[in-house]
1. Which residue, B:99, B:133, B:61, tops the fluctuation ranking in a GNM of chain B built on C-alpha contacts under 10 Å?
2. Looking at segment B:1-131 only, what percent of DSSP beta bridges run antiparallel? Nearest 5 please.
3. Go ahead and set up a Gaussian network model of chain B, Cα springs under 10 Å, then flag whichever of B:50, B:132, B:161 fluctuates most.
4. Per DSSP H run of at least 4 residues, take -39500 (n - 2.57); add these up for the protein assembly as shown, divide by its residues and hand me the 222 nm value, nearest 500 deg cm²/dmol.
5. Quick one: work out the % antiparallel among DSSP beta bridges in segment A:1-140, nearest 5.
6. Once each part is reduced to its C-alpha centroid, what is the distance from segment B:54-84 to segment A:3-36 in angstrom?
7. Report relative contact order for segment A:1-141 in percent, whole number only (criteria: Cα-Cα under 8 Å, sequence separation at least 6).
8. So what's the net charge close to residue A:185: Lys and Arg +1, Asp and Glu -1, counting the other residues with Cβ under 14 Å from its Cβ?
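Just so it is clear, none of the values below were taken in a lab; they were calculated from the coordinates. Just so it is clear, the model here is predicted, and its values are computed rather than measured. Every residue, glycine as well, gets a Cβ built from its backbone with ideal geometry; the counts of neighbours run over all protein chains shown.
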Amino acid sequence: MSDKSLICAIETSCDETAIAFIQDGNKVLSNIVSSQIDTHRAFGGVMPEVASRLHIEQISLVLKDSIEKAGVSMEDVDAIAFTQGPGLIGSLHIGVLASKTLAWYYQKPLVPVHHIAGHIYANAFVTNLKFPLLALVVSGGHTELVYMKEDYDFEILGTTQDDAIGEAYDKVARVLELGYPGGPAIDALAKQGTTQYVLPRVKTEKPLDFSFSGLKSAVLQLVLKEERQGRELNKANLAYAFQEAVLDEVLLKTKKALEMVDVRQVVLAGGVSANSRLRERLIHMMDSYPDIALSIPPLWCTTDNAAMIGAAAAIAFKKGIRADFTTSAKAGLDLEV
Amino acid sequence: MKQLFIDTAHRHLTVACVENGLIVSMVHQEAFKSQSEKVMDAIHQCFTSADWQPRQLQSVILTEGPGSYTGVRIAMTIAKVLASVASIQVFTTTTLQLIAATGKNTFVMLDARSSRVYGGLVDEGQLVQSPAIYTIEQVKQFKEANSHWQFAGDLHLLNEADSQSDIREGILTCIRYARLIEDIDALTPMYLKSGEEYKS
Ligand SMILES: [Zn+2]
């Protein structure tokens, strides 16, 4: 089968209502994202029912906008792709139903996509993925090391035992009163910080798993201790200590994974891949692996969007992966099949 | 005029193809929390047995609620998407009218959990007042105070047998009094409960 395809992709797994049209797997014809961030900022996090309500208010606007920007006719689309999971169930439902409706009306095939596959394939917009590869997926909902022996073949080597990395950033940002979302705020503040505080190293049972809740508690303990002893907290230095500790953990596990699997490429993926210090440290670390290519997704494709779902769907479509009208959204969908 | 009727707001899934005041095909089933998986197949099935093509569809009539927080969004997502890509008119009605059909002074109550109901009085197909959330106690008081009212819907909440409504009559009644939606983007479900009530 040829690599030519025109995919309409819909992503509503969390708090972005997003629809994109992707040609041949890596050309973005349109990529509309309606973010709910301002609403959720007021609540200090994403509230599932509120998110679902905003999706239904946005879906028709985003759809019309995306079709118009793409300059395509729905008739010419080869497949309708959607994020099946994981994510917030009420939010996922909207995207899944919107996709089924289009598939029914235009009699097009439906392609289900795992949200993490989308994040990984965001790299297809900047590089030709080289297999086998190791993906480091870091986001508000995920922290995973994924081994891909070949295209669209996923094996999870390690995952978080508690909080996702982005959640840890959000929680620590709340302790430091930096607002929501926490990642960019901590990243920015840490730049003004230096080594003053020491946070404990993380321990996990399995060598490639992650854990962040201990680190988060340690930050809270430290804040309380400084308060008790009447010392003024240096927030920048604490942000620095936290960020370095989190990234130590992430990079150490990535290194360990590279000892266990032979790969041609390491790809970074997920919302936290926008973190400037993570990019800097990962590039530096990969200097010691001259035979392994490194791909970092473009900034526009780090947070949730539908273009990345379309990029993954182009491969899934070629592989014959299909959904039907009874396919349901799955809040806890597995990446491995 | 080829019309599609959809109600997913409550325990049932009701889909019908309607033409010139006649129900051509219909799916009506118990589908608690599974409307999302069943609705497209039901629509496909209705169109197939009506021998209609999707592109022949001219209007969608949906219930905007009141109802469960997820269910109420299902029919609306379908209607919004169709109206975005094709010149399909969208009309809304309520699940209360679907259940009351043409009954006189019928108070319809639908389980809203926590000993509450989504309720409203419907008279010969038209809402007498805006639907609201009532406690079971309030419904019992309505019942005592209004002997000429009929009660329909989730009557098991009053320890009575649930009412059996004439769904075909209900659909046609809903279509008769449905409201044309001018701005499809601004259409939102009739939740009655605030989003913050679902704080977990
Ligand atoms: Zn994501």
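1. B:133
2. Roughly 70 percent of the beta bridges in segment B:1-131 run antiparallel, per DSSP.
3. B:161
4. Rounded to the nearest 500, the figure is -11500 deg cm²/dmol.
5. That works out to approximately 60 percent antiparallel.
6. When both Cα centres are located, 23 Å separates them.
7. Normalised by residue count, the contact order of segment A:1-141 is 26 percent.
8. My count for the surroundings of residue A:185 gives +3.
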